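These notes concern the structure reproduced below.
The values are calculated or read from the model by the stated rules, or taken from the named source; none is laboratory data. Note that the coordinates shown come from a computational prediction; the quantities given were computed from them, not determined experimentally. Cβ atoms come from the backbone with ideal geometry, glycine included; neighbour counts cover every protein chain shown.
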Amino acid sequence: MKSIALFGGTFDPIHQGHVQSAIELKQRLALDELRLVPCHLPPHRATPGCSSRQRLAMVELAIANTGLQVDDRELHRDSLSYSIDTLESLRSELGDKVSLSWVMGTDAFAAFDRWHRWQDFLTVAHLIVMKRPNEVLPETGPVAELIAQHRTDSAEVLHQQPAGTIRFESLTPYPVSATEIRAALSRQQAASVKLENTMAEAVLHYIQTHQLYGYQP
Ligand code: ATP
């Protein structure tokens, strides 16, 4: 069965932590496609530091020649970008014979029970949770119960079943965050924090050219 994973995020801006983790995940799980899905109107966080079009453009630059793909369907909806709507839209496009997965970090997953229609996710897709260092999973409450019911360690299931399981993957850590990158750009510390090591050169160039996040030459 064809396997497609969607990795959603604000990507404000996209950095190597996002890209390298996505590449590693795609390879490790032998996914047919891994699509990055820039969020248009995030329901759970502050308005991003630049427009959806600009964040999409940076994602496109960052994934050039990586084998990753981008899915811009959230930019075509005017409502809040609920991930369940995105998954259902792809599911109705592709039918039931495709395995779909939603990818997120442990930080996002810890608050999963606050997501819109979180109980419907596993009927449409699998969940793949990227474990990051020093992050712990809830041991009690609704998310812990969901894990207990749906967790799998089998890699084959993603290629045999269209939806319904949760798997955890510990990937190579990339200790970089978009929050730190934005702070460095606005404080004109781009050089001192060596931003060229944290994001694709083309993305840094785009930020500098468009003077995003308060960057000034
Ligand atoms: P911010 O600092 O603005 O909160 P963020 O990267 O955490 O940035 P998003 O762009 O929404 O926010 O992140 C998308 C996904 O990428 C989330 O699921 C998050 O857990 C994951 N992620 C963020 N940074 C890394 C990293 N360094 N390595 C692996 N995954 C990451």
Among the numbered criteria (1) more than 19 Å from Met199 (Cβ to Cβ); (2) away from the ligand (no atom under 14 Å from the Cβ); (3) out of contact with any Asp or Glu (no Cβ under 7 Å at 6 or more places or on another chain); (4) not small (Gly, Ala, Ser), which single criterion is violated by Arg45?
(2)
Is one or more of the residues making up the stretch 141-153 surrounded by 14 or more Cβ atoms within 10 Å (Cβ to Cβ) and either among the polar types (S, T, N, Q) or touching a residue at least 40 places away in the same chain (Cβ under 8 Å) (or both)?
yes
So which of Leu94, Leu75, Leu100, Leu122 ends up being crowded, with 19+ Cβ neighbours inside 10 Å and of a type in the set (A, V, I, L, M, F, W, C)?
Leu100
Consider Arg114 against the criteria (1) in contact (Cβ under 8 Å) with a residue 40 or more places away in the chain; (2) of a type in the set (D, E, K, R); (3) touching a strand residue (DSSP E or B) at 6+ places or on another chain (Cβ under 6 Å): it satisfies all of them except one. Which criterion is unmet?
(3)
Within the stretch 74-113, residues away from the ligand (no atom under 16 Å from the Cβ) and part of a strand (DSSP E or B) come out as Val98, Ser99, Leu100
Residues of the stretch 13-42 being within 12 Å of the ligand (Cβ to nearest atom) and under 14 Å from Val70 (Cα atoms), in sequence order, are Ile14, His18, Val19, Ala22, Ile23, Leu36, Val37, Pro38, Cys39
Which residue is surrounded by the fewest Cβ atoms within 10 Å (Cβ to Cβ), if the candidates are limited to the stretch 127-140 and must be outside any loop (DSSP other than H, G, I, E, B) and without any contact (Cβ under 8 Å) to a residue 60 or more places away in the chain?
Lys131
Considering the stretch 153-184 alone, what residues qualify as being touching a helix residue (DSSP H, G or I) at 6+ places or on another chain (Cβ under 9 Å), away from the ligand (no atom under 16 Å from the Cβ) and modelled with pLDDT of 95 or more?
Pro162, Ala163, Gly164, Thr165
